[in-house]
Amino acid sequence: MQRPDTFKAIPLIVRFDDGAIGLAPVGPLVEHLSRRYQTMALTDDLTGLGNRRRLMEQPAPGRRAAAWVIDLNRFKEINDTLGHLRGDELLRHVAAALTAACAPATAFRVGGDEFVVLTPDRDVWPGADPAGAGFRLLHAIQGPFAVAGVPITVEASAGVAVMDDGDCADLADLVARADAAMYAAKRDRTQVEVWHAALATGNPDLGLDTALRAAIGNRELVLHYQPLVDAQTRQTASVEALVRWSHPQRGLLPPGIFLPQAERSDVIHLLTAAVLDDAVRQAATWHRAGRNVPVAVNLAAPVLASDRFVVTIGELLAETGLPPEALIVEVTESAVMTRPAESADRLRSLREIGVRVAIDDFGIGNTSLGLLTQLPLDELKLDRSFVTRIHRPPDRVIVESVARMANGLGLTLVAEGVEDERTAQTLAELGFDLLQGYHFGRPSASTLLFAALE
Ligand code: C2E
Ligand code: MG
Ligand code: MG
């Protein structure tokens, strides 16, 4: 460290470990702070476990080492239903149970609901092979844990890899293998999988891709519809079509489970065509019955990258006779940003025939505000994360300015994720036009909604 030309000392008063108060000696202070920062950088705040960085800083594993990757099933759902604070509470319970069960091995939290257990000796628990140990760990964290007085049972999937299996190179490789095995366990609902070479060569999305194609052919995709209500009158103004996979063995699967993979392959085009077909026909049926409820359909980024959806929509409107104004397409900022100019052109051609365009999940992407004025838009849907936090003053300021901007641009302003009356009223006062959320109705089958619209 170079000595500066002019040197100013800033006297800092600190409390020493023995309770005495005095001037901070520079050397020990720097040491203390760098130790603190290091602990902070390597520890997960929520659970106190080591984080991914600390895991990756562990000494090189010996030949007997093993790693388990454990990922909670449906944690997002738990979080969404009980709220983030409760979700955090559950994670702390799981972390404590895992730490107790895996000793003398070490547990780390490496992601939202993902944990790793690392041991230098694969036979660390007498009588349990690595797969058996995986089941023991899952059993240890299954609870039930009391979260806000409600007993919650935890389901999870585990993958395990061992160093002495073939050509495992280092710690990163070991954890990556356990991770691949965990994905296989999650996908095949086997709870625990041990890494094997086929997992490395096989494309894990391949199976799902084929299955999803077949499912579309078998008409296993179903649409649920969620109402958007007028903020003042509370009447249903439109509905959003949300896709689900009615899987013969696994039950009703939410889009989060299969859409990301679908978007990485061509199957997303097939899926979108099926969804558009269903939604437009449903809207036309409602329309003929005198219920003029517009239907919104979500379009993913790869869909916007091709002309296909424009053609499909044109054909469907012509065939069913649904007025174009009764169809809304929802696109996210990031989907548009992938190819802004082309996407804008395609959306513009839809809008010219009367179809409406909504920007979805607004606020979490990074659209330049300039782009917003260039996009052919009718509706702006503010992301749920802002709506949930609207009662905190800084977030309210953001929402207010979004409301002013939408107003200035002449856009219909929608709030997503409205879960209570207080939020609904605040949003109405701020000038929101439409509200969507569990407070007004969960996504439900068309037949149920039909009754609700009577
Ligand atoms: P999105 O378009 O933002 O849809 C809203 C999501 O928020 C839906 O989740 C809905 O069930 C949920 N939601 C609605 N109100 C509330 C509330 O008050 N609280 C909470 N916590 N959640 C609420 P879902 O059905 O799981 O869909 C997730 C995402 O999947 C959708 O987000 C959309 O981006 C995508 N998606 C759904 N269907 C399709 C589709 O047919 N095609 C494409 N490309 N994407 C779709
Ligand atoms: Mg949407
Ligand atoms: Mg949304």
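General observations
- A326 meets each of the listed conditions (1) out of contact with any Lys or Arg (no Cβ under 7 Å at 6 or more places or on another chain); (2) closer than 17 Å to L372 by Cα apart from (2).
Yes or no, residue by residue, for (1) within 22 Å of the chain's Cα centre (by Cα); (2) not in a helix (DSSP H, G or I):
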site: V387; (1), (2): yes, no
site: S401; (1), (2): no, no
site: V414; (1), (2): yes, yes
site: L435; (1), (2): yes, yes
site: R442; (1), (2): yes, yes
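- So F432, is it touching a residue at least 60 places away in the same chain (Cβ under 8 Å), assigned by TED's automatic domain parsing to the domain that holds I328, of a type in the set (F, W, Y) and touching a Lys or Arg at 6+ places or on another chain (Cβ under 9 Å): no
- Here L380 meets the list (1) within 14 Å of ligand 3 (Cβ to nearest atom); (2) part of a helix (DSSP H, G or I) almost entirely, failing just condition (2).
- Residues that are within 16 Å of ligand 1 (Cβ to nearest atom), surrounded by fewer than 19 Cβ atoms within 10 Å (Cβ to Cβ) and within 23 Å of R281 (Cα to Cα), drawn from the range 311-355: T312
- Meets criteria (surrounded by fewer than 22 Cβ atoms within 10 Å (Cβ to Cβ), free of Cβ contacts under 8 Å to residues at least 60 places away in the same chain, touching an Asp or Glu at 6+ places or on another chain (Cβ under 9 Å) and of a type in the set (G, A, S)) for G111: yes
- Flag if A161 is touching a helix residue (DSSP H, G or I) at 6+ places or on another chain (Cβ under 7 Å), under 26 Å from P59 (Cβ atoms) and not β-branched (V, I, T): yes
- Boolean, R384 is within 16 Å of ligand 2 (Cβ to nearest atom) and either within 21 Å of A241 (Cβ to Cβ) or not polar (S, T, N, Q) (or both): yes
- Condition met for V303 (β-branched (V, I, T), out of contact with any strand residue (DSSP E or B) (no Cβ under 8 Å at 6 or more places or on another chain) and loosely packed, with under 14 Cβ neighbours inside 10 Å): no
- Single condition V154 does not satisfy, out of (1) in contact (Cβ under 8 Å) with a residue 60 or more places away in the chain; (2) surrounded by fewer than 21 Cβ atoms within 10 Å (Cβ to Cβ): (2)
- Condition met for D395 (more than 17 Å from V229 (Cβ to Cβ), within 14 Å of ligand 2 (Cβ to nearest atom) and either in the same structural domain as V239 (by TED's automatic domain parsing) or surrounded by fewer than 19 Cβ atoms within 10 Å (Cβ to Cβ) (or both)): no
- Applying a threshold of 8 Å to beta carbon distances and a minimum spacing of six or more residues, or different chains, the list of pairs starting in the range 436-451 at a residue that is within 21 Å of A231 (Cα to Cα) and at pLDDT 90 or above and ending at one that is among the aromatic types (F, W, Y) and within 16 Å of ligand 2 (Cβ to nearest atom) reads P443/Y225; S444/Y225.
- Figure legend. Inter-residue proximity from the range 279-304: first residues in contact (Cβ under 8 Å) with a residue 40 or more places away in the chain and of a type in the set (F, W, Y), second residues surrounded by fewer than 18 Cβ atoms within 10 Å (Cβ to Cβ) and part of a helix (DSSP H, G or I), beta-carbon distance below 8 Å, spacing 6+ or different chains. Indicated pairs: W286/F450; W286/L453.
- Residue list for the range 237-257, filter: within 14 Å of ligand 1 (Cβ to nearest atom) and of a type outside the set (A, V, I, L, M, F, W, C): S238, E240, R244, S246, P254, P255, G256
- Residues (free of Cβ contacts under 8 Å to residues at least 40 places away in the same chain and within 13 Å of ligand 2 (Cβ to nearest atom)) located in the range 350-364: V357, I359, I364
Every residue, every condition in (1) touching a helix residue (DSSP H, G or I) at 6+ places or on another chain (Cβ under 6 Å); (2) touching a residue at least 24 places away in the same chain (Cβ under 8 Å); (3) acidic (D, E); (4) not in a helix (DSSP H, G or I), yes or no:
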position: A318; (1), (2), (3), (4): no, no, no, no
position: E325; (1), (2), (3), (4): no, yes, yes, no
position: E330; (1), (2), (3), (4): no, yes, yes, yes
position: A344; (1), (2), (3), (4): no, yes, no, no
position: R348; (1), (2), (3), (4): no, yes, no, no
position: L372; (1), (2), (3), (4): no, yes, no, no
position: P394; (1), (2), (3), (4): no, no, no, no
position: M405; (1), (2), (3), (4): no, yes, no, no
position: G417; (1), (2), (3), (4): yes, yes, no, yes
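- Out of L253, L304, L299, sole residue that is hydrophobic (A, V, I, L, M, F, W, C) and at pLDDT below 90: L253
The values are calculated or read from the model by the stated rules, or taken from the named source; none is laboratory data. Remember, it's a predicted structure, so these values are computed and weren't measured experimentally. In this analysis, Cβ positions are derived from the backbone assuming ideal geometry, glycine residues included, and neighbour counts consider all displayed protein chains.
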